[in-house]
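The values are calculated or read from the model by the stated rules, or taken from the named source; none is laboratory data. If you're wondering where the values come from, they're calculated on a predicted model, not measured in any experiment. Cβ coordinates were reconstructed from backbone atoms using ideal geometry, including for glycine residues, and neighbour counts include every protein chain displayed.
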Amino acid sequence: MLPLLEKIYDLQDIHTVSKHEQIVLGIIEAIDSGVLKVGDKLPSINEMVAEIGYARKTFVKAYTELKERGLVESKNLKGYYIISQETKVTLKVALILFAFHSFQEEFYNTFRKELGKKYHIDIFFHHTNLTLFKTIMDNISRKYGMYVIAPIQNKEVIPLLKKIPSDRLVLIDRYLKMPKEYSYIAQEFEEVTYNKLVELAPVIKKYDKFVLFFKENTDLPPDILYAFKRFIKEYNIKGKVVESYESNIVKKGTVFFSISDTYLWQVLKDARKMEYRIGSDIGILAHDDNIVKEIAFGGITTISTDFEIMAKKAAIFVKERNPIQEIIPTYLRQRNSL
């Protein structure tokens, strides 16, 4: 214990450094110099109070910051242990997404860039599996300084999320009704999708049939399904919901609406085999824009929110911790495919 205490004592004469910062910097210097290694146990808060004399809350604050940086882990009834030597990390962030779709990759890349190298990000995927989500939450509990989570829209996840202080959690992508102090940066699906389909109604009506690929109990937003059914009913359009893809479904005079990129590329592949012209023989509408959809087949029409803006706002929350409750706008990008 003595070499560690010496590191802290050495900082006491620096008057620009607060007491809790003396403790944090002293432990960081002890890690950098090899005095402390991964697996070493830190003195308890009571021991530190007795040795150094600062108030208990000062040590609690210091140890909490070290935990948020991912350097220290507290084990129930066993104390505090060094778990990392990455001392240049300012904050450890848990990012939980549905899956690594292309649009979520765009979110991650922007989020990573905006935070910079001083922030360590661990990424997890729950695939809309409630059991897996609960396991992830159990494993990351109290181990991170900030949490950025795309939640499953299920009331069973709310108690799990409420265990995280509101100033350390921001919900992204999907909206979930939480206590008013919690932050979110989400997109809205039903009204936005319906309104964008209304904008496209004159074009869609040029075709004989409108097909939506949608499988329930997946990570696809059910609000899109509701919007589709409402639209075809109110505009008297012959529509159909298809759960799985079969190549014989690709016929002339059909508009295909695909939320999943997997079905989108299958339609395009089979349409090319049949020498159908995209945008005239068949129409294509996709969800979630990316650079490939902007270029492929002269451009695919999309309904999409701006994940880059969402990621930038999430990064600002992580750095500044100012509350935010915002629905990100959704855009219709009409291109050659429709």
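The residues on offer are Glu114, Glu51, Glu29, Glu65, and the sole one that is modelled with pLDDT of 80 or more, farther than 30 Å from Lys313 by Cα, charged (D, E, K, R) and buried (at least 16 other Cβ atoms within 10 Å of the Cβ) is Glu29.
Report, by residue number, each residue of segment 243-286 that is part of a loop (DSSP other than H, G, I, E, B), surrounded by fewer than 16 Cβ atoms within 10 Å (Cβ to Cβ) and on the phi < 0 side of the Ramachandran plot. Of everything in segment 243-286, those that are part of a loop (DSSP other than H, G, I, E, B), surrounded by fewer than 16 Cβ atoms within 10 Å (Cβ to Cβ) and on the phi < 0 side of the Ramachandran plot turn out to be Glu243, Ser244, Glu246, Lys251, Lys252, Met274, Arg277, Ser280.
If you go through segment 81-102 and pick out every residue that is closer than 18 Å to Val35 by Cβ and either surrounded by 20 or more Cβ atoms within 10 Å (Cβ to Cβ) or among the aliphatic types (A, V, I, L, M) (or both), you end up with 2.
Can you pull out the residues in segment 86-112 that are over 17 Å from Ile185 (Cβ atoms) and free of Cβ contacts under 8 Å to residues at least 40 places away in the same chain? Walk me through how you get there before you give the answer.
Filtering segment 86-112 down to residues over 17 Å from Ile185 (Cβ atoms) leaves 86-92, 99-102, 105.
Of everything in segment 86-112, those that are over 17 Å from Ile185 (Cβ atoms) and free of Cβ contacts under 8 Å to residues at least 40 places away in the same chain turn out to be Glu86, Lys88, Val89, Thr90, Phe100, Glu105.
With respect to the conditions (1) without any contact (Cβ under 8 Å) to a residue 60 or more places away in the chain; (2) out of contact with any helix residue (DSSP H, G or I) (no Cβ under 7 Å at 6 or more places or on another chain), Arg168 falls short on a single one, namely (1).
For segment 310-338, residues that are loosely packed, with under 15 Cβ neighbours inside 10 Å and in a helix (DSSP H, G or I) total 1. Evaluating Arg174 against the criteria (1) among the basic types (Lys, Arg); (2) closer than 30 Å to Val255 by Cα; (3) free of Cβ contacts under 8 Å to residues at least 24 places away in the same chain leaves one unmet condition, (3). For segment 132-153, the set of residues classified as at pLDDT below 95, out of contact with any helix residue (DSSP H, G or I) (no Cβ under 6 Å at 6 or more places or on another chain) and not charged (D, E, K, R) consists of Asn139, Ile140, Ser141, Tyr144, Gln153, listed by residue number. Within segment 142-159, residues that are farther than 19 Å from Pro222 by Cβ sit with their Cβ atoms under 7 Å from residues that are of a type in the set (Asp, Glu) and surrounded by fewer than 17 Cβ atoms within 10 Å (Cβ to Cβ), at 6+ positions apart or across chains, in these pairs: Lys143/Glu73.
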